[in-house]
There are 2 protein chains.
Amino acid sequence: MQKILRVNMANRDFKIEDVPQKYAAMGGRALTSQLIADEVPATCNALGEFNKLVIAPGLLSGTQAPSSGRLSVGGKSPLTGGIKEANAGGITSQKLANLGIKAIIIEGKPAGKGFSLLKITPDGMEMLPVDDLAGKGTYEVTAICRQRYGDKVAVITIGPAGEMLMPSAGVTNNDSDGNSSRYAGRGGLGAVMGSKGLKAIVVDCPKTFDAPVQDPVRFKAAAKKFAKILLDHPVCGQGLPAYGTNVLMNIINEAGALPVRNFSYGRFDKAGEVSGEKLAEVANARGGKATHACHPGCVMRCSNVYPMPDGKVCSPIEYETAWGFGPNLEISDLDVVAKLNYICNDVGLDTVEAGCTLGVLAEAGAIPFGDGPVAIAALEEVGNGTPLGRIIGSGATNAGKVFGVTRVPAVKGQGIPAYDPRSCKGNGVTYATTTMGADHTAGYAVTANILKVGGFVDPTQKGGQVELSRNLQVATAAIDASGLCLFVAFAVLDNPEGLPTIVEMINAQYGTALTVDDVVALGQSILKTERQFNKEAGFTKADDRLPEFFSKEVFAPHNTQFDVSDEELDEVFNF
Amino acid sequence: MQKILRVNMANRDFKIEDVPQKYAAMGGRALTSQLIADEVPATCNALGEFNKLVIAPGLLSGTQAPSSGRLSVGGKSPLTGGIKEANAGGITSQKLANLGIKAIIIEGKPAGKGFSLLKITPDGMEMLPVDDLAGKGTYEVTAICRQRYGDKVAVITIGPAGEMLMPSAGVTNNDSDGNSSRYAGRGGLGAVMGSKGLKAIVVDCPKTFDAPVQDPVRFKAAAKKFAKILLDHPVCGQGLPAYGTNVLMNIINEAGALPVRNFSYGRFDKAGEVSGEKLAEVANARGGKATHACHPGCVMRCSNVYPMPDGKVCSPIEYETAWGFGPNLEISDLDVVAKLNYICNDVGLDTVEAGCTLGVLAEAGAIPFGDGPVAIAALEEVGNGTPLGRIIGSGATNAGKVFGVTRVPAVKGQGIPAYDPRSCKGNGVTYATTTMGADHTAGYAVTANILKVGGFVDPTQKGGQVELSRNLQVATAAIDASGLCLFVAFAVLDNPEGLPTIVEMINAQYGTALTVDDVVALGQSILKTERQFNKEAGFTKADDRLPEFFSKEVFAPHNTQFDVSDEELDEVFNF
């Protein structure tokens, strides 16, 4: 029997609730967004007593469904002021599902200071004071928790950035190796967790794949079929397992859509130095791993383990992070990128936002472009809570205001990642319109724009981008509800049996009779719920726009400008 | 013949334009807001090439009308993101009116760095490079300009804060003594001027009261009558001339509406130490002035000249500034208040926003409450552009985000001044709903709430506050168009002949046949224009709200909460 765990941090109490019928068919993003919409006043202060943090495994998490271990974290974002679902890999989602926990709702706010730890085991729950963990980085906190509670536990935690309520602080959890770097990074949900006085959640559950399935035979067949669909696809079965997401560095550079020097031009002559190919080479030479699974049962294994010169390990270096700390800052030293990545992971900061923010600081002249040591020194100030550190932790938009910068790559207060909207216009439409603030994962048009997955839509032309982004945003919302990794989309877009097989797995697990149309309807429904929340929070069409400079400045090498009109952008949510 | 001076900073060129019929009957805020609404895209970047800075004297400025020397400065605000009119005393408005300049429109943006000075004389105009003035404080810039161009010139300028594009930088001009401290302070228009590469405007005109009047005899009679109306009123004729605006310190404290310790409670046992009475005593003892006119022809003379221990002079210390740096920070040393005021004036920062921002920093623990030297040291960082200095210059809302503070007293991104919305609820309604972001001058309900001017509405109860604020906002918009100081409102509210006499002066000057109803219609029209701009900029009902803590925390000594409902607030603009 599934249940909802409701934790009130005002008195550090908790209770177990039955799942209301309304939420029975929901998981992941569908559930976090609906709970936030139902329980959180849209205009509340995101760091105040009325916001809530909701953590939910996806519908398929905890089963044998391949690559289904994504964890959704939701709340009102202190970065955007709108609704937020950030999701992550790692081992927590599967454990929660195997404990029958459909969602954890963390609400209220303690009157005093001090941090607590919530421990969840098959036998019950406990709230422990952990002021000894306060101020510690996520790596150390995770290591201590694994020492205290066993090395199989999942540890959801925040770093000092979240404790200090920085608007771009993330919520992390660990992989099977105990590496605390699986981030629900975007939108500052780490600060929401920090505002609740909750330093960590430890989930102790020995099971990984044993969540209840109504028709195991049927489920197993569908899961097997789905694994084959993934492995047969060139991106899911070959590209990602070989070089991880950073396989994109050379591809996006070649496409001329790599934002270099704070979105000033689209190609970086040293992109190869920070590419996935280079990463694999160095990682292998140093005894790391070029391929690695972020959670058990993932067949794409797009993660990596990068040993750094100081003996520590950064895992993983994702493409968007390598872009943010690499080409975006005109830095071409992979060890510098890894170090910046590691600092973010440890202090508990979203790497994409940090990359954008450092780009804005460089644009302001506060730090130089192309200077790794200065960037590292600046980022290290975050953990010390210095004024500069806090500015960095506040994200690109706030940093832009503080430094009077007009070229700030952000939408709805959230930094734009890794794909320039002028030469990957489908992503531009997504950045402008998604409920999440600029977010590449919300409608990843790189597929048809550049990778020629799911068809081809010329990335430098505006034709077809609105429809492309709309369809992807709907599909993504549904996938984010399933617990499947978004990367299954590459295969699903190219293989007509992909989506029906996902539906088959869900039906076999829950005894439902969903159709493919129902999945589309679910995606639309999630987006409508989120749009409505944002509307009540004060968002309007004016928020569904890219920054001015994308339509004014010409972007080399294709000499493009973002020219999707306001009227066209307003057609994205026409359903 | 009146004209519009249009300055294009992209090429540092200018041209003189006839006044289109549409704008003929407009002045001050009516004109700045209409020009901004007509010429500035509401969603543009406030520091980008598409924003404009508009400077306009009021309709009656430059005549013998008493207290009519207010200057309106308008633009899209980098602080609020909405439309902004900030207005100031000083000698510029009268000079511009006597030159026949109805408005200066500063547009475009230079490609390179460097600052210019625009010189306006009766014989023509000139644009001069003034990189030697860049980085200098407003006092020095004004002194240099008076040395270069004569000690009768008016100097509009910005300080380093405006040059550094800080969102709470103001635009200042000088009084007859050459003191550069008459601030169009709120909303960051100094940063807009800075973004245009314009350091100063020098206005050289020997005339003060000779703007054309169609019926001088009739005008003179009306002006004389209006002066008597002002002088006969206890606030305009006695309170303000005796102690300036800071006469309010003891009054608001006694009323229990003085926001102490970042809006934590409503009475300060040391309020008397920073009151107008104390200020007059010290100023007189040190050879300063307890009463002083900010521009020729003011009969209320509410300004003051406060000699500081270091030999410099701060003029004036207004109530809202004394509050922001005094009770708000739990500081009770008038010399500290004066010093903080002086730093703001010199570096070019709005004192109200700076007070609110330091309060937020103290709330965050970044500086202590009640520590003058630390507050001074922090504020001095603004001019140096350090990270902390830039945070302070970015205003209370941004500082709150950077430091993770939930108790941020601000609406639409602008700090709340000097009158707590829980025990002066009429002002609370104004703060929430005015187009300007929290602004006490936009609908100064202190009149009926506390001063018992224009009737009485119990400040601790919500009844009647919406209507009170609405009427005051409409009247204020019209007064801000006239060039009259807002303080004439005290007399106008109590004397039924006040408003007809203003209308009589306007009719005598322009040969119009306006009625009192037309003035009300003008005020409504201005507000509608501004609301429409803000709507297009993305403002919604959600922006017409006070911060959460005002409705949750109980405010001593009256144990009040802000309880005007959302629905009631939405009725303010029901016309």
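The values are calculated or read from the model by the stated rules, or taken from the named source; none is laboratory data. These numbers were taken from a predicted model, which means no experiment stands behind them. Quick reminder, even Gly has a Cβ in these numbers, built from the backbone with ideal geometry, and neighbours come from all protein chains shown.
Could you check how many residues of region B:230-244 are in a helix (DSSP H, G or I) and crowded, with 23+ Cβ neighbours inside 10 Å?
Here the count works out to 5.
Determine, yes or no, whether A:K84 is in contact with a helix residue (DSSP H, G or I) (Cβ under 9 Å, 6 or more places away or on another chain), under 28 Å from A:Q414 (Cβ atoms), touching a residue at least 40 places away in the same chain (Cβ under 8 Å) and among the basic types (K, R).
Considered against the rule, which asks whether it is in contact with a helix residue (DSSP H, G or I) (Cβ under 9 Å, 6 or more places away or on another chain), under 28 Å from A:Q414 (Cβ atoms), touching a residue at least 40 places away in the same chain (Cβ under 8 Å) and among the basic types (K, R), A:K84 comes out as yes.
Considering only region B:48-71, I want to know if a residue exists there that is surrounded by fewer than 24 Cβ atoms within 10 Å (Cβ to Cβ), among the acidic types (D, E) and out of contact with any Gly (no Cβ under 7 Å at 6 or more places or on another chain).
Within region B:48-71, none of the residues are surrounded by fewer than 24 Cβ atoms within 10 Å (Cβ to Cβ), among the acidic types (D, E) and out of contact with any Gly (no Cβ under 7 Å at 6 or more places or on another chain).
Let's see how each residue does on (1) on the phi > 0 side of the Ramachandran plot; (2) outside the structural domain of A:D333 (by TED's automatic domain parsing); (3) buried (at least 18 other Cβ atoms within 10 Å of the Cβ); (4) among the hydroxyl-bearing types (S, T, Y):
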{"site": "A:K224", "(1), (2), (3), (4)": "no, yes, no, no"}
{"site": "A:E254", "(1), (2), (3), (4)": "no, no, no, no"}
{"site": "A:D269", "(1), (2), (3), (4)": "no, no, no, no"}
{"site": "A:S275", "(1), (2), (3), (4)": "no, no, yes, yes"}
{"site": "A:N284", "(1), (2), (3), (4)": "no, no, no, no"}
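Looking at (1) in a loop (DSSP other than H, G, I, E, B); (2) crowded, with 22+ Cβ neighbours inside 10 Å, which is the only condition A:Q214 fails?
All conditions are met except number (2).
Determine the pairs where a residue that is aromatic (F, W, Y), located within region A:539-560, has a partner that is part of a strand (DSSP E or B) with Cβ atoms under 9 Å apart, the partner being 6 or more residues away or on another chain.
Going by the 9 Å Cβ cut-off, the qualifying pairs are A:F555/A:Y265.
Being part of a helix (DSSP H, G or I) and farther than 21 Å from B:L71 by Cβ is the filter; apply it to region B:13-30 and report the residue that is nearest to the other protein chains (Cβ to nearest Cβ).
Among residues in region B:13-30 that are part of a helix (DSSP H, G or I) and farther than 21 Å from B:L71 by Cβ, the one nearest to the other protein chains (Cβ to nearest Cβ) is B:K22.
Return a yes/no flag: does region A:410-429 have any residue that is in a loop (DSSP other than H, G, I, E, B) and surrounded by fewer than 24 Cβ atoms within 10 Å (Cβ to Cβ).
No, there is no match, as no residue in region A:410-429 is in a loop (DSSP other than H, G, I, E, B) and surrounded by fewer than 24 Cβ atoms within 10 Å (Cβ to Cβ).
Do we find a residue being over 25 Å from A:A184 (Cα atoms), in contact with a helix residue (DSSP H, G or I) (Cβ under 7 Å, 6 or more places away or on another chain) and not charged (D, E, K, R) anywhere in region A:524-545?
Scanning region A:524-545, I find at least one residue that is over 25 Å from A:A184 (Cα atoms), in contact with a helix residue (DSSP H, G or I) (Cβ under 7 Å, 6 or more places away or on another chain) and not charged (D, E, K, R), so the answer is yes.
Only one residue in A:D494, A:D439 is charged (D, E, K, R) and within 15 Å of the chain's Cα centre (by Cα), so which one is that?
The unique qualifying residue is A:D439.
Looking only at residues that are more than 7 Å from chain B (Cβ to nearest Cβ) and of a type in the set (A, V, I, L, M, F, W, C) in region A:538-553, which one is surrounded by the fewest Cβ atoms within 10 Å (Cβ to Cβ)?
Of everything passing the filter in region A:538-553, A:F549 is surrounded by the fewest Cβ atoms within 10 Å (Cβ to Cβ).
Which condition breaks for A:V572 when tested against (1) within 14 Å of chain B (Cβ to nearest Cβ); (2) touching a residue at least 40 places away in the same chain (Cβ under 8 Å)?
(1)
Touching an Asp or Glu at 6+ places or on another chain (Cβ under 7 Å), in a strand (DSSP E or B) and modelled with pLDDT of 95 or more: which single residue out of A:K102, A:K119 fits that description?
After ruling out the rest, the residue left standing is A:K119.
From the list B:T406, B:T386, which residue is without any contact (Cβ under 8 Å) to a residue 24 or more places away in the chain and hydroxyl-bearing (S, T, Y)?
After applying the criteria, what remains is B:T386.
Could you grab me the full set of residues in region B:1-23 that are under 27 Å from the mean Cα position of the chain (by Cα), modelled with pLDDT of 95 or more and within 23 Å of B:I526 (Cβ to Cβ)?
Passing the criteria: B:K3, B:I4, B:L5, B:R6, B:V19, B:K22, B:Y23.
Considering region B:497-537 alone, what residues qualify as being of a type in the set (G, A, S), within 24 Å of the chain's Cα centre (by Cα) and more than 14 Å from chain A (Cβ to nearest Cβ)?
Hits for region B:497-537 are B:G498, B:A521, B:G523, B:S525.
Can you work out which of the residues in region A:381-404 that are in a loop (DSSP other than H, G, I, E, B) and buried (at least 24 other Cβ atoms within 10 Å of the Cβ) is nearest to the chain's Cα centre (by Cα)?
A:G395
Residue check, B:G413 against (1) of a type outside the set (S, T, Y); (2) on the phi > 0 side of the Ramachandran plot; (3) touching a Ser or Thr at 6+ places or on another chain (Cβ under 8 Å); (4) free of Cβ contacts under 8 Å to residues at least 12 places away in the same chain, all met but one. Which one?
With respect to (1) of a type outside the set (S, T, Y); (2) on the phi > 0 side of the Ramachandran plot; (3) touching a Ser or Thr at 6+ places or on another chain (Cβ under 8 Å); (4) free of Cβ contacts under 8 Å to residues at least 12 places away in the same chain, B:G413 is out only on (4).
All but one of (1) under 16 Å from the mean Cα position of the chain (by Cα); (2) under 24 Å from A:V247 (Cβ atoms) hold for A:V446, so report the exception by its number.
Failing condition for A:V446: (1).
Condition first: away from chain A (no Cβ under 14 Å) and in a strand (DSSP E or B). Now tell me which residues in region B:31-81 satisfy that.
Result: B:L53, B:V54, B:I55, B:A56, B:P57, B:L71, B:S72, B:V73, B:G74, B:G75.
Scanning for something over 16 Å from B:D544 (Cα atoms) and aliphatic (A, V, I, L, M), does region B:405-412 turn up at least one residue?
Taking every residue of region B:405-412 in turn, at least one turns out to be over 16 Å from B:D544 (Cα atoms) and aliphatic (A, V, I, L, M).
What number of residues within region B:467-497 are more than 19 Å from B:E571 (Cβ to Cβ) and buried (at least 21 other Cβ atoms within 10 Å of the Cβ)?
15
Residue by residue, here is whether (1) away from chain A (no Cβ under 14 Å); (2) closer than 30 Å to B:K528 by Cβ holds:
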residue: B:F369; (1), (2): yes, no
residue: B:I376; (1), (2): yes, no
residue: B:G383; (1), (2): yes, no
residue: B:K401; (1), (2): no, no
residue: B:A432; (1), (2): no, yes
residue: B:K452; (1), (2): yes, no
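Condition test on A:L349, is it at pLDDT 95 or above, in contact with a helix residue (DSSP H, G or I) (Cβ under 6 Å, 6 or more places away or on another chain), under 22 Å from A:L133 (Cβ atoms) and not small (G, A, S)?
yes
Output the residue which, of all residues in region A:160-196 that are part of a loop (DSSP other than H, G, I, E, B), away from every other protein chain (no Cβ under 14 Å) and in contact (Cβ under 8 Å) with a residue 60 or more places away in the chain, is surrounded by the most Cβ atoms within 10 Å (Cβ to Cβ).
A:G170
Working carefully through the options A:K136, A:K95, A:K76, find the one that is surrounded by fewer than 24 Cβ atoms within 10 Å (Cβ to Cβ), on the phi < 0 side of the Ramachandran plot and among the charged types (D, E, K, R).
From the options A:K136, A:K95, A:K76, the qualifying one is A:K136.
If B:K199 passes every condition in (1) under 20 Å from the mean Cα position of the chain (by Cα); (2) assigned to a helix (DSSP H, G or I) but one, which one does it miss?
(2)
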